[in-house]
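Following: one structure in structure tokens, then a few remarks.
Nothing in this text is a laboratory measurement; each read-out follows from the coordinates by a stated rule. In this text, all values refer to a predicted model and were calculated from it rather than measured experimentally. No Cβ is skipped: glycine too gets one built from the backbone with ideal geometry, and neighbour counts run over all protein chains shown.
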Amino acid sequence: MTSYSVEGVKFPRPFRIRRLGHFGFNLSDIDAGIDFYGRLLGFDMPDMVHLKMLAPPDVPTDFIVDDRVPFMTFNSDHHAMIIAHPSVGPIIGDPEGHPEVTMSHFTWQVGSLEEVVNAQQYLSEKTKLIRTGRDMPGSNWHCYFSTPEGQTCELYYGMEQVGINGRSKPMPYYDRRFDGEFPMPQISDFTERDQKIEAGVSMEDGFQRTEFGDDRRYDVGGVMLRRPFKVTSLGPVAVFVEDMAASVAFYTEMLGFKVTETVTYNGHDFVFLRHGNEHHSLKLYPLESRAMLGLSEHSRTVSMGMRLGSYQQLKNAVEWLKSEGVTFIDQPPELNPGIDYTVFGLDPDGHAIQLYYYMEQLDWEGKRRPVESRRAVTTPWPDTIEALEDTYADQTFMGPLG
């Protein structure tokens with residue numbers, strides 16, 4: 001078997017996925033999307049792009065219904081999600097002929113720029129590359145490629161961090177956007193900053209990060225926030241696929257995911273895959289199960305997961321979001337292996353957002369917890385629950401909650 005050195009460690013491919021990075025949804029109403037993900041779920045907006053202003057003069061834009069592209073985040077990453085109107089698909093590179101692909105892309109972060117570059121050659125020999133280079137805004141070096149089902153995936157490195165002043169990089173930084181090949185090695189972001197300061201560019205000219213919500217404040221772990229919970233990480237991402245075997249092979253053989261568990265429910269097989277020690281970060285559902293599960297017929301997206309900071313926050317979120325008019329749907333608990341208490345709320349376009357607080361961690365040999373040893377979910381949810389060995393034992397939120 002071919003092996004590659006990834007910073008001195010041998011792997012079957014020249015990169016190693018570290019985490020689920022960000023994603024994009026195509027929504028029919030941009031303002032409704034901002035309200036749902038901003039005011040209700042607590043994402044801030046560090047940037048807003050108007051595509052008609054950025055498009056080259058020879059590129060037609062009269063077909064665009066709404067050219068605004070809000071970049072949204074819950075942490076210091078420049079963006080954790082991107083909202084766009086479906087009409088901008090031809091401009092931003094959405095796959096043609098796949099109207100049910102309403103998740104414009106989902107991304108996986110690797111550990112270095114070198115891994116991104118090496119991945120380009122590796123993936124070009126195995127699948128369709130869509131584009132490579134460096135995005136602006138966001139500053140992330142990327143490699144976009146297609147899955148067997150027409151979804152767009154991205155491997156990336158180097159997401160811009162938005163600091164305490166809340167300013168993203170201003171437009172003069174966009175001259176370091178690359179479309180296609182670029183020379184290696186590249187200067188650091190701090191060298192880039194110093195060069196811009198020397199040229200008279202001020203970070204104060206960047207977009208001011210916008211927070212949404214009213215003046216109400218809630219005690220969230222000792223910090224007063226605009227809602228009684230905090231999103232602390234993304235994932236798992238779940239998509240419907242027509243050819244399960246081909247999709248499993250793509251993610252395992254090409255990208256390095258491992259199958260943690262396969263669940264058979266009502267005659268359908270559902271596959272749960274991981275890139276690290278969490279039970280799963282990717283879920284593959286058979287397309288023929290979509291109607292059975294009551295999910296939107298317009299989309300191949302099953303759900304996007306968003307972890308909250310604690311069990312108490314999850315309980316508070318459900319109560320608060322219901323009071324704000326969010327619709328929740330029931331999903332079979334059998335299809336949530338590795339997660340105990342969880343809910344699914346619908347965004348304005350019917351995409352399901354999975355909220356949860358806990359993900360099972362695998363042991364050092366990659367073994368999951370036996371099904372019979374998992375926590376039994378009871379209704380109504382108890383006020384408190386017993387800790388498991390891996391409760392609150394995985395990744396923590398870096399930085400203040402607000």
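Determine, for the chain, the count of lysine pairs separated by eight or more sequence positions (or lying on different chains) whose alpha-carbon distance falls under 17 Å. Working shown, then result.
Details: 169/196; 230/315; 230/322; 258/283; 258/367.
Lysine pairs, 8 or more places apart or on different chains, close enough: 5.
For the chain, what does the helix formula give at 222 nm: sum of -39500 (n - 2.57) over DSSP H segments with n ≥ 4, over the residue count, nearest 500 deg cm²/dmol?
Details: 8 runs with 58 residues, N = 402.
Mean residue ellipticity at 222 nm (helix-derived): -3500 deg cm²/dmol.
Can you give me the Cα centroid spacing of region 366-402 and region 231-286 in angstrom?
When both Cα centres are located, 20 Å separates them.
By counting other Cβ atoms within 10 Å of each Cβ, how are 128, 230 ranked from fewest to most?
Details: 128 14, 230 23.
Ranking 128, 230 by Cβ neighbours within 10 Å, fewest first, gives 128, 230.
Filter the GluC sites (Glu not before Pro) in region 32-121 to those in DSSP coil with at most 13 other Cβ atoms within 10 Å of their Cβ, and list the result.
Details: sites: 96, 100, 114, 115; in loops: 96, 100.
Those satisfying the criteria are 96.
With the contact rule set at Cα under 8 Å and sequence spacing of 6 or more, what percent relative contact order holds for region 176-240?
Numbers: 22 pairs, mean separation 9.3, N = 65.
Once divided by the residue count of region 176-240, the mean separation gives 14 percent.
In debye, nearest 20: dipole of region 259-299 around its Cα centre with unit charges on the Cβ of K, R (+) and D, E (-)?
On the way: 3 positive and 5 negative charges, 15 e Å.
Dipole magnitude for region 259-299 comes out near 80 debye.
Take every Cα pair under 8 Å in region 249-402 that's 6+ residues apart, average their separations, divide by the length, and report that relative contact order as a whole percent.
Numbers: 194 pairs, mean separation 29.6, N = 154.
So the answer I get is 19 percent.
Which FRET efficiency, nearest 0.05, do residue 263 and residue 363 yield, Cβ-Cβ r, R0 22 Å? It would help to have the intermediate numbers written out before the result.
On the way: r = 20 Å, r/R0 = 0.91.
Between residue 263 and residue 363 the formula returns 0.65.
Taking other Cβ within 10 Å of each residue's Cβ, how do 363, 67, 383 sort, fewest first? Before the final figure, lay out each step's value.
Working: 363 11, 67 19, 383 8.
In increasing order of surrounding Cβ atoms, one gets 383, 363, 67.
Give me the percent relative contact order of the chain, please, defined on Cα pairs under 8 angstrom at least 6 residues apart. Mind showing how you got there, number by number?
Numbers: 781 pairs, mean separation 59.5, N = 402.
It comes to 15 percent, rounded to a whole number.
Neighbour counts of other C-beta atoms within 10 Å: give me 143, 153 arranged from fewest to most.
Working: 143 27, 153 20.
With the sparsest Cβ surroundings first, the list reads 153, 143.
Report, in debye and to the nearest 20, how large the dipole of region 168-253 comes out about its Cα centre when Lys and Arg carry +1 and Asp and Glu carry -1 on their Cβ.
Details: 11 positive and 16 negative charges, 107 e Å.
About 520 debye.
Shape verdict for region 178-311, please, from the Cα gyration tensor: rounded (a/c under 1.5), prolate (a/b greater than b/c) or oblate. Before the final figure, lay out the partial values.
Working: a/c = 2.51, a/b = 1.42, b/c = 1.77.
Verdict is oblate for region 178-311.
Would you mind checking which residues have amide H under 5 Å from residue 108's amide H? H placed 1.01 Å from N; only 5 or more apart, or other chain.
The answer is 21, 154, 155, 156.
Go ahead and set up a Gaussian network model of the chain, Cα springs under 10 Å, then flag whichever of 24, 150, 267 fluctuates most.
Most flexible of the set in this elastic network: 267.
Under the rule a/c < 1.5 gives rounded, and otherwise a/b versus b/c splits prolate from oblate, where does the chain land using the Cα gyration tensor? Write down the numbers at each step before the final one.
Numbers: a/c = 1.43, a/b = 1.20, b/c = 1.19.
Rounded, because the longest to shortest axis ratio a/c is under 1.5.
Could you work out how far apart the two model spin labels at residue 179 and residue 277 are, taking each label as a point 7 Å from the Cα in the direction of the beta carbon, and quote it in nm?
4.3
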